Amino acid sequence: MSAPTTVPALTAPRRARKLGTAERTVGTGLKVIAIRKPGVPIAELRLRIPFQSAAATFPAKAALLSSVLLTGAGSYDRAGLAAAIQAFGADLSVSVDADRLAITGNVLANRLRGLLDLLAVVLTEAGYAADEFATERDREVERLTIARSRSGTIASEALAERMWGAHPYAHDLPQADAVAATTPAQVRTVHRDRVRPDGAVLVIVGDISPARVVDQTEQALAAWTGDAAKPRIPKLPVPQPLPLLVVDRPDSVQSSVRMGTDAVTRTDPRYPALQLANLVFGGYFSSRWTENIREDKGYTYGPHSRIDHHVLGSTLMLDVEVATEVTGPAMLETFYELGRIASLPVTPTELESVRQYAIGSLALSTSTNAGLASTIAALAAFDLGLDWIREHPARLARVTIDDVAEAAHEFLAPSRFSSVVVGDAKQIADPLSVLGPIEQ
Amino acid sequence: MPKIPAPSFEIVHHTLDNGLRVVLAPDRTAPVIGVAVLYDVGMRSEPEGRTGFAHLFEHLMFQGSAHLEKLEHFRYVQSSGGTFNGSTHVDYTNYFESLPSNALERGLFLEADRMRSPRITAENLANQLDVVKNEIRVNVMNRPYGGFPWIYLPPVLFDSFANSHNGYGGFEDLESATVEDAADFFARYYAPANAVLSVGGDLDVDETIALIERHFAAIANRPKPERPDFGEPPLTSERRADHEDPHAPIPAVALGYRVPDPVNDLDGLLAHVLLAEVLTDGDASRLQRRLVQRDHLVTDISAYCGEFGDPFDERDPSAMTITAHYPDAGSLDAVLRATDDEIDRIAQDGLERGELERVRTRLLSVLLRELDPVISRTLEFAKFELVHGRAEMIAELPGLLTEVSEDAIPAAAALLRPDRRAVLELVAGGNR
């Protein structure tokens, strides 16, 4: 028997089943979205609470609120709360960024109600006990020290400052001294003012009955009430390109390159074309950037280019770690590929490849409980939902080569990016300076 | 408490005439499939003077094959709407795709084509050598705590080259690899009879077996290589070593303890797996309470079985590792004393009421959750078939964990004695 020697064609695609779903904004202002996905007996939870602030001291308070929130509430001490969560086969964790406070969890589906009851206690009776607070404050300072010892963190922070200047988006991580100066009373005040249900979204996905889960959630969280303080947030500035910034990290064997520019939101008519243009440039493995600087030249383990969506605006972000001795040539190829896609049309083969990849990877990433829950929670911040996921393939199907060319011309031009390189300045500053002006 | 639902999976076995073992796990709830091929060769089997070769070879398997030019593998997967990857483990190497189910035959073709003959050229080797060196730079050399502890602990805990060497490889060894080495490695270890093919998700069993026969049956039968016994006796006295990390701002420590043979003494292993959870899973765990919350000795602490945190991923010898980061460089002895003290307390006094039950419930939930993505499930079936000889073991694990008795945990704790462990201290050389 001889095996086929040519690549088999794709067969007719099977459509995904429609998912059972229920959604309600309950009396307290909390929006609850429940989706049934049959499969493993686990439910995923994503609670998203708006958490923007223009106050300079806010990031430190928010970071501490997030790391102390689960250290005791109501009649539960720290170990008691953790043991109760564990007994439901569950996990809860808290994270914060410039847009939101997120409580993320998963639980055995038949113990979901128990976890919701515990969540209510945490939201309404978090203790912020002085000893736990002191423990977590010290740990937070150590974690920040460790984070800032990473080349990539240094580069991302420098780029955010360069793009956003005085805007709160410039600072994702708090400063260690601000954390050290924060008190339990300050964090309790933030909890009181900001950890409130109106404007918050809770997404639950898993082997559950959606209508019943929405009812259960409303009951379980009924005591969590009140309106959140609504701070005024300055508009996001348009990043102004500045000379490439070189940050010295002596003896680095690689350089961390971070580049960014503003992009368009998911609801902008140009978005599907920009999404596909970004994929052709550097957004997937078969992109021009990866095939050039990894698979042809071996300068890197892998570059990435992605569109990030923040509440105040979207960005196009590039990151790559390149060997120190090829930092100049790697930047040359990066500028070349950006310039090429901004100036010349993509090929029909390239467009079809990214179109199928975008459609397929959306289906894959939303085919798991965790992936669907995270996607729905992220979309909910923009008042988008399952419909957006269902309708997006059709939007991608309509994108033409001209649409991609226009989007690339507008958003992928190398002249538009803010750029930072962190590495061994005595080795990389000169090779980078021949490509254009640099600052150190 | 409501019962924990047991997972039920339909698993179909098939073996081709050339020895390729096939595991199918149909599940038609979403139009997605996973395709995975695992070869029974990993870091332990690479020859002396060729550290890192199994991983370098993994990269070469993506560089084109009998009927595919360089770059085509990636392009065919992604333009079908799929994703791909591969990874090198101590005992095996995997290659996999996650695809819409209308790309099933395409996925099988891509795997069959490189099982038949990967396109290994001097040019591809030179290119992937550069890529792998950059992978090591980004994950190890330029990163605080890079390679800690998985590269630096095994040489303290183990003696043989197979068990103790750096699986990422030294640059000198990697640079001396040749096309002939790669051809030999492929001929010896990448035989169909040395592999498991697993396909999960939206598939029809009969149709899929026919497609597999069509694409894989013509690959010539080659003998399955003899797998050496990598076992070595446990330590009889404590060993210590340190590792200088130029980027790390605070010190860290890793303790390595040998665990029972994961394949031939599974019950013994499961007791250690549960013990690791008792020690560090969550804020109610023993070492978090003592070292993080009460004594403020460490910033974090974590215990796990298996080199990369998966207890079922490797054969004998395997280890339990406890790692901790601590801000005060002078407190290592206090960290060790407090850890030993807590382990002793379990060995002497046993567990608290309800402690085993809640820890076990959480662990079962974690295991179930990991099976949600079709590709993870597909990989798990293949791994259990290859390492443990039975894909069905996944469905049996919850039952086996439930049968671990309350007494087994203190008995496991009693084995974690200082004279049976390796201690690796990470010395922080970074600026604070």
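Just give me the residues in region B:303-327 being within 14 Å of another protein chain (Cβ to nearest Cβ) and either hydrophobic (A, V, I, L, M, F, W, C) or touching a strand residue (DSSP E or B) at 6+ places or on another chain (Cβ under 9 Å) (or both), in sequence order.
Once the filter is applied, which keeps residues that are within 14 Å of another protein chain (Cβ to nearest Cβ) and either hydrophobic (A, V, I, L, M, F, W, C) or touching a strand residue (DSSP E or B) at 6+ places or on another chain (Cβ under 9 Å) (or both), region B:303-327 yields B:THR323, B:ALA324, B:HIS325, B:TYR326.
Can you spot a residue in region A:102-117 that is within 22 Å of B:THR299 (Cβ to Cβ) and part of a helix (DSSP H, G or I)?
No.
Mind listing whichever residues of region A:325-339 are over 16 Å from A:VAL434 (Cβ atoms) and buried (at least 17 other Cβ atoms within 10 Å of the Cβ)?
Within region A:325-339, A:GLU337, A:LEU338 qualify.
Taking the condition of being more than 24 Å from the chain's Cα centre (by Cα), more than 8 Å from every other protein chain (Cβ to nearest Cβ) and either among the aliphatic types (A, V, I, L, M) or in a loop (DSSP other than H, G, I, E, B) (or both), how many residues in region B:112-134 meet it?
Here the count works out to 6.
So B:PHE109 ticks every box in (1) in contact with a strand residue (DSSP E or B) (Cβ under 8 Å, 6 or more places away or on another chain); (2) within 8 Å of chain A (Cβ to nearest Cβ) but one. Which box is left unticked?
Checking B:PHE109 against (1) in contact with a strand residue (DSSP E or B) (Cβ under 8 Å, 6 or more places away or on another chain); (2) within 8 Å of chain A (Cβ to nearest Cβ), the one that fails is (1).
Return yes when B:LEU351 is under 18 Å from B:ALA412 (Cα atoms), surrounded by fewer than 22 Cβ atoms within 10 Å (Cβ to Cβ) and aliphatic (A, V, I, L, M) and no when it is not.
Numbers: under 18 Å from B:ALA412 (Cα atoms): yes; surrounded by fewer than 22 Cβ atoms within 10 Å (Cβ to Cβ): yes; aliphatic (A, V, I, L, M): yes.
Taking the combined requirement at face value, the residue satisfies it.
Which of the strands (runs of 3 or more DSSP E) found entirely inside region B:1-56 contain at least 3 residues meeting this: over 18 Å from the mean Cα position of the chain (by Cα) and buried (at least 20 other Cβ atoms within 10 Å of the Cβ)?
Strands (runs of 3 or more DSSP E) meeting the threshold: B:21-26, B:32-39.
So which residues in region B:377-397 are buried (at least 18 other Cβ atoms within 10 Å of the Cβ) and either hydrophobic (A, V, I, L, M, F, W, C) or more than 11 Å from B:ALA25 (Cβ to Cβ) (or both), if there are any at all?
Across region B:377-397, the qualifying residues are B:LEU379, B:PHE381, B:ALA382, B:LYS383, B:PHE384, B:LEU386, B:VAL387, B:ALA391, B:MET393, B:ILE394, B:LEU397.
Restricting the search to region A:48-84, which residues are farther than 13 Å from A:GLU132 by Cα and in contact with a Phe, Trp or Tyr (Cβ under 7 Å, 6 or more places away or on another chain)?
Once the filter is applied, which keeps residues that are farther than 13 Å from A:GLU132 by Cα and in contact with a Phe, Trp or Tyr (Cβ under 7 Å, 6 or more places away or on another chain), region A:48-84 yields A:ALA62, A:ALA84.
I need a count of the residues in region B:346-389 that are within 12 Å of another protein chain (Cβ to nearest Cβ), in contact with a Ser or Thr (Cβ under 8 Å, 6 or more places away or on another chain) and among the charged types (D, E, K, R).
The qualifying residues number 3.
Across region A:311-324, which residue is surrounded by the fewest Cβ atoms within 10 Å (Cβ to Cβ) among those that are part of a strand (DSSP E or B) and within 14 Å of chain B (Cβ to nearest Cβ)? Steps first, answer last, please.
Applying the first criterion (part of a strand (DSSP E or B)) to region A:311-324 yields A:313-323.
Narrowing the set further to residues that are within 14 Å of chain B (Cβ to nearest Cβ) leaves A:319-323.
Working: A:ASP319: 19, A:VAL320: 28, A:GLU321: 28, A:VAL322: 30, A:ALA323: 22.
Step by step, filter region A:311-324, then rank; the result is A:ASP319.
Looking only at strands (runs of 3 or more DSSP E) that fall completely inside region B:171-266, which ones have 1 or more residues that are away from chain A (no Cβ under 14 Å) and hydroxyl-bearing (Ser, Thr, Tyr)?
Answer list for region B:171-266: B:195-201, B:252-259.
Go through the residues of region B:138-157 one by one and say whether even a single one is within 12 Å of chain A (Cβ to nearest Cβ) and closer than 30 Å to B:LEU68 by Cβ.
Yes, some residue in region B:138-157 is within 12 Å of chain A (Cβ to nearest Cβ) and closer than 30 Å to B:LEU68 by Cβ.
Looking at (1) out of contact with any Gly (no Cβ under 7 Å at 6 or more places or on another chain); (2) away from chain B (no Cβ under 14 Å); (3) not hydrophobic (A, V, I, L, M, F, W, C), can you tell me which one A:ASP262 breaks?
With (1) out of contact with any Gly (no Cβ under 7 Å at 6 or more places or on another chain); (2) away from chain B (no Cβ under 14 Å); (3) not hydrophobic (A, V, I, L, M, F, W, C) applied to A:ASP262, the lone miss is (1).
If I filter region B:75-93 down to residues being surrounded by 23 or more Cβ atoms within 10 Å (Cβ to Cβ), touching a residue at least 12 places away in the same chain (Cβ under 8 Å) and not hydroxyl-bearing (Ser, Thr, Tyr), which single residue comes out as farthest from the other protein chains (Cβ to nearest Cβ)?
Of everything passing the filter in region B:75-93, B:ASP91 is farthest from the other protein chains (Cβ to nearest Cβ).
Select from region A:118-141 the residues that are free of Cβ contacts under 8 Å to residues at least 60 places away in the same chain and not in a helix (DSSP H, G or I) and write down the one among them that is surrounded by the fewest Cβ atoms within 10 Å (Cβ to Cβ).
Ranking the candidates gives A:ALA129 first.
Conditions tested, residue by residue: (1) within 30 Å of A:ARG416 (Cβ to Cβ); (2) touching a Phe, Trp or Tyr at 6+ places or on another chain (Cβ under 7 Å); (3) within 14 Å of chain B (Cβ to nearest Cβ).
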residue	(1), (2), (3)
A:ARG139	no, no, yes
A:ALA160	yes, yes, no
A:THR182	no, no, no
A:ASP193	no, no, no
A:ASP207	no, no, yes
A:PRO210	no, no, no
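Hey, among the residues in region A:70-101 that are in a strand (DSSP E or B) and hydrophobic (A, V, I, L, M, F, W, C), which one's nearest to the other protein chains (Cβ to nearest Cβ)?
Looking at the filtered set, the residue picked out is A:LEU92.
Rule-based calculations on the coordinates, nothing more; no lab input. From a predicted model like this one, the values you see are computed outputs, not experimental measurements. Here Cβ is always computed from backbone atoms with ideal geometry, including for glycine, and neighbour counts include all displayed protein chains.
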